[in-house]
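Trainee: Please see the structure below; I have some questions.
The values are calculated or read from the model by the stated rules, or taken from the named source; none is laboratory data. For clarity, every value in this text was computed on a predicted model and none was experimentally measured. Note: ideal-geometry Cβ built from the backbone for every residue, glycine included; neighbour counts use all protein chains shown. Areas reflect the complete protein model, heavy atoms only, side chains present, ligands, DNA and RNA absent. Shrake-Rupley method; radii C 1.70, N 1.55, O 1.52, S 1.80 Å.
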Amino acid sequence: MRSSNPVFSRRGFSRDNGGYAGFGAQQHQQAGTNPYATNPYATDAATGMPQAPARADVMTMDDVVSRTAMTLGTVILTATIAWIAMPVDPANVNKSYGIAVGAALVAMVLGLVQSFKRKASPPIILGYAAFEGFFLGVISAATSTYFGAGVVIQAVLGTMCVFASVLFAYKMRWIRVTRRFYGFVMAAAMGFMLLMVANLLFSVFAGGDGLGFRSGGLGILFGIIGVVLGACFLALDFKQVEDGITYGAPRDEAWLAAFGLTLTLVWIYLELLRLFQILSGDD
C-alpha cells in the first residue's frame, strides 16, 4: 500500500493480492503466496516472514527520532527567527506576508523535488524545513498580533496532543491501518483538497471568503475535518515507519520518515491555527 504522504509513496510496502504489509500475512502464506514479495526491504523472500535484517546500515527508531528532531528543530528555529525579524504591524504586514508566501513556495518546490528523488537528500529536506519554518513564523506572528498569543499556543499544544494521541492509539492497536482505512483516507483527502482549491479560486476571482469553507460555521467544520485527516495521515506515516524498521529499510530512509512526519505535523498545525482563528473571531 502506498502512503498518502508523497515521500513514502515511491518506495516499499506495496500490496500483493490486496493485502497490506503487516496485516493478513498468515492468510497469504496459507495460500502459498508471499505478501512481501514486492517489498524491496524484505530479507526473506522464501518464507515471506519478517526477519531481522542482515545489513548493519538499516533504519532504526533512534534514526527516525534523531532525524525528525533535526527537521522539526530547523522548522522551529527558522520560525522563531521569522517571528522576531519580520514585523507584522499594519505598516509592514503586507511586505512580511509577501516574503512568507515566497518562502512557502520555495518550501513547496523543495518538497516536490525531494518527493520525486529516489534517495533522501538531507540538504533538501533541511532546506524545506527552513523555508517552511520561516513561513510558519510569519503566519504565527501575525496570528498572535491580530488574534491573540493564546491562539498560537493552542495550535502548538493541539498539534502535540494530536500527535501523542494518534501515536498512543496506534501503539495500542486501536487504529489498524488496513486497505479499507487507506482507501477511506485517500478519498477523503482528495475531496477535501478539491474543495479547498475551489474555495481558493472563488476567493481570488470573486473576492470575499470564496465558498465560505474557511470562515464561519463551515470553516469550523472543515477545520475539524482537516485535523482529523491530519491524524489519519499520522497513522499512515507510523505504519510506514514501523514497516521500514521491521523489514530493514536503509538508514537513509529515516530522513524520508522525518520529512513525511514534518509534512503531516505542519498540516495539522496550520489546520488548528485556522480553526482557532475562526473560534477566536467568533468570541
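Trainee: Do we find that residue 220 is out of contact with any Ser or Thr (no Cβ under 6 Å at 6 or more places or on another chain), part of a loop (DSSP other than H, G, I, E, B) and not charged (D, E, K, R) in this structure?
Mentor: Numbers: out of contact with any Ser or Thr (no Cβ under 6 Å at 6 or more places or on another chain): yes; part of a loop (DSSP other than H, G, I, E, B): no; not charged (D, E, K, R): yes.
So residue 220 fails the test.
Trainee: Moving on to the next point. Of all the residues that make up the range 160-209, how many are surrounded by 15 or more Cβ atoms within 10 Å (Cβ to Cβ) and outside any helix (DSSP H, G or I)?
Mentor: The qualifying residues number 4.
Trainee: Search the range 166-203 for residues being in contact (Cβ under 8 Å) with a residue 60 or more places away in the chain and charged (D, E, K, R), and hand back the single one that is nearest to residue 264 (Cα to Cα).
Mentor: It comes out as 176.
Trainee: Can you tell me which residue in the range 237-283 is farthest from residue 189 (Cα to Cα), limited to those that are part of a helix (DSSP H, G or I) and among the aromatic types (Phe, Trp, Tyr)?
Mentor: Taking the range 237-283 first, the residues part of a helix (DSSP H, G or I) are 237-246, 253-281.
Imposing the further condition that a residue be among the aromatic types (Phe, Trp, Tyr) reduces the set to 238, 255, 259, 267, 269, 276.
Details: 238: 18, 255: 24, 259: 19, 267: 12, 269: 16, 276: 21 Å.
The selected residue is 255.
Trainee: Considering only the range 82-91, state which residues are open to solvent by less than 90 Å² (accessible area, probe 1.4 Å) and in a helix (DSSP H, G or I).
Mentor: 82, 85
Trainee: From the list 135, 147, exactly one residue is within 19 Å of the chain's Cα centre (by Cα) and hydrophobic (A, V, I, L, M, F, W, C). Which is it? Quick ask: steps written out before the conclusion?
Mentor: Details: 147 fails: within 19 Å of the chain's Cα centre (by Cα).
From the options 135, 147, the qualifying one is 135.
Trainee: Mind counting the residues in the range 92-126 that are polar (S, T, N, Q) and buried (at least 17 other Cβ atoms within 10 Å of the Cβ)?
Mentor: 4
Trainee: Given the options 259, 222, 276, name the one that is buried (at least 21 other Cβ atoms within 10 Å of the Cβ) and within 19 Å of residue 108 (Cβ to Cβ).
Mentor: 259
Trainee: Does residue 86 meet the test of being over 19 Å from residue 277 (Cα atoms), hydrophobic (A, V, I, L, M, F, W, C) and at pLDDT 90 or above?
Mentor: yes
Matching residues to (1) under 19 Å from residue 274 (Cβ atoms); (2) out of contact with any strand residue (DSSP E or B) (no Cβ under 6 Å at 6 or more places or on another chain); (3) of a type in the set (A, V, I, L, M):
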position: 157; (1), (2), (3): yes, yes, yes
position: 169; (1), (2), (3): no, yes, yes
position: 216; (1), (2), (3): yes, yes, no
position: 226; (1), (2), (3): yes, yes, no
position: 235; (1), (2), (3): no, yes, yes
position: 239; (1), (2), (3): no, yes, no
position: 244; (1), (2), (3): no, yes, no
position: 259; (1), (2), (3): no, yes, no
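Rundown of residues vs (1) modelled with pLDDT under 95; (2) more than 19 Å from the chain's Cα centre (by Cα); (3) part of a loop (DSSP other than H, G, I, E, B); (4) surrounded by 13 or more Cβ atoms within 10 Å (Cβ to Cβ), yes/no style:
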| site | (1), (2), (3), (4) |
| --- | --- |
| 43 | yes, yes, yes, yes |
| 75 | no, no, no, yes |
| 80 | no, yes, no, yes |
| 128 | no, no, no, yes |
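Trainee: Moving on. Please state which of the following conditions residue 223 fails to meet, knowing it meets all the rest: (1) farther than 24 Å from residue 68 by Cα; (2) out of contact with any helix residue (DSSP H, G or I) (no Cβ under 9 Å at 6 or more places or on another chain).
Mentor: For residue 223, the exception is condition (2).
Trainee: Which numbered condition in (1) part of a loop (DSSP other than H, G, I, E, B); (2) of a type outside the set (A, V, I, L, M); (3) touching a residue at least 24 places away in the same chain (Cβ under 8 Å) is the only one that residue 134 fails?
Mentor: Among (1) part of a loop (DSSP other than H, G, I, E, B); (2) of a type outside the set (A, V, I, L, M); (3) touching a residue at least 24 places away in the same chain (Cβ under 8 Å), the lone unmet condition for residue 134 is (1).
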